[in-house]
Amino acid sequence: MPVRGTGTGILLAVVAYGLWGVLPLFFLLLAPAGAVEVVAWRIVLSLLFCAVLVTVTRSWPRLLELLRDRGVMLTLGIAGLLILVNWLVYVFATLSGQVVEAALGYFTNPIVTVLLGVFVLRERLRIAQWVAIGISAVAVIVLAVNYGRVPIIALALAFSFGLYGLIKKRVGARVDALSGLTIETLWLSPLAGGALIAIAATSGLTTGTAGLTQTLAMLSAGVVTAVPLLLFAGAARRLPLAYLGLSQYLAPIMQFLIGVAVLHEAMPPARWAGFALVWIALIVLTIDMFAASRAAAGDARGRATGDAVGPV
């Protein structure tokens, strides 16, 4: 039975992942800024935008309560460092013409999440999940042979984002999306400010000197960062996990198409073979996810029926 608000949830998820999917085109507008300058501005402007949203939504009491919680602050500080790595690697990949490999990282992320569940959370995997992991391992070997190296960008993106999600689970429902992003960027803002000062004192900042389009695009980085995250949070509250898991493939599909069709990145046969193996692994995971979701729903209905006809 569909969850109430599923239609709205699907729309929010599609828009969120669609915006994440076109991020390579946005970051290309920021050239000639390097990855460090882009990410530094992204942190500072995201913090400012979040502060505005916290004010508009009158969320300061909730935020201040979280700021006084040492456990939450430490957890979000670690999460902030992981998302910093993720942002730096992704922007570097985009600006250096490696969008396809970046897309591979986000295709691989669900598989890395399963692996983290095994090694960190000590979860037991179903047979289909082991099959997907095995296929993915073969895919990495094929791609490593093709690239002539391990696909470091893809693995760095997959593991940084996977660990980020794992860390965020520790605070779970206690921290909403807006408060979480506000605190994470607050932790990172001294690093970002220091980086901008260092760049200004050495090579010089490009923002404001590379044309109106680049300047306006850079100034919108906070909005571009926060809006998809907030849309995703709205989708997560309305959608079953299986629907949400399926929608996450939209972003790397769009990134892959941008890399191949728009930016004309090379895709030799061996690379196609590696990607095909990753897609097969994702299909196996997706089928298993829906099967497990249906089985869990059936068990829940069974328990509810048993309760209804039990002794009064």
Going toward the positive end of the dipole of the chain, with +1 on Lys and Arg Cβ and -1 on Asp and Glu Cβ, which of 221, 233, 162 do you reach last?
-> 233
Whole-angstrom gap from the stretch 1-54 to the stretch 81-105, using each part's C-alpha centre | 14
Could you check the simple spin-label distance between residue 270 and residue 233, using points 7 Å along Cα→Cβ, in nm with one decimal?
-> 4.5
Could you give the nm distance between label points at residue 141 and residue 64, where each point is 7 Å from its Cα heading toward the beta carbon?
-> 5.9
Set the Förster distance to 25 Å, then compute FRET efficiency between residue 22 and residue 51 from the Cβ-Cβ distance, nearest 0.05.
-> 0.45
Using a simple charge model, +1 on the beta-carbon of Lys and Arg, -1 on the beta-carbon of Asp and Glu, nothing else, what dipole does the chain show about its Cα centre, in debye to the nearest 20?
-> 740
Prolate/oblate/rounded call for the stretch 6-300, Cα gyration tensor, a/c under 1.5 rounded | oblate
Selection from 181, 291, 48, by position along the positive dipole direction of the stretch 6-300 (Cβ) = 291
Could you let me know the centre-to-centre spacing of the stretch 216-258 and the stretch 61-75, using Cα atoms, in angstrom?
-> 25
Pairs of Cα atoms under 8 Å, at least six residues apart: use those to get the relative contact order of the chain, whole percent.
-> 40
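Read-outs: derived from the displayed coordinates by stated rules, not from any lab. Not measured: the values here are computed from a predicted model. Here the Cβ is made from the backbone with ideal geometry for all residues, glycine too, and neighbour counts use every protein chain on show.
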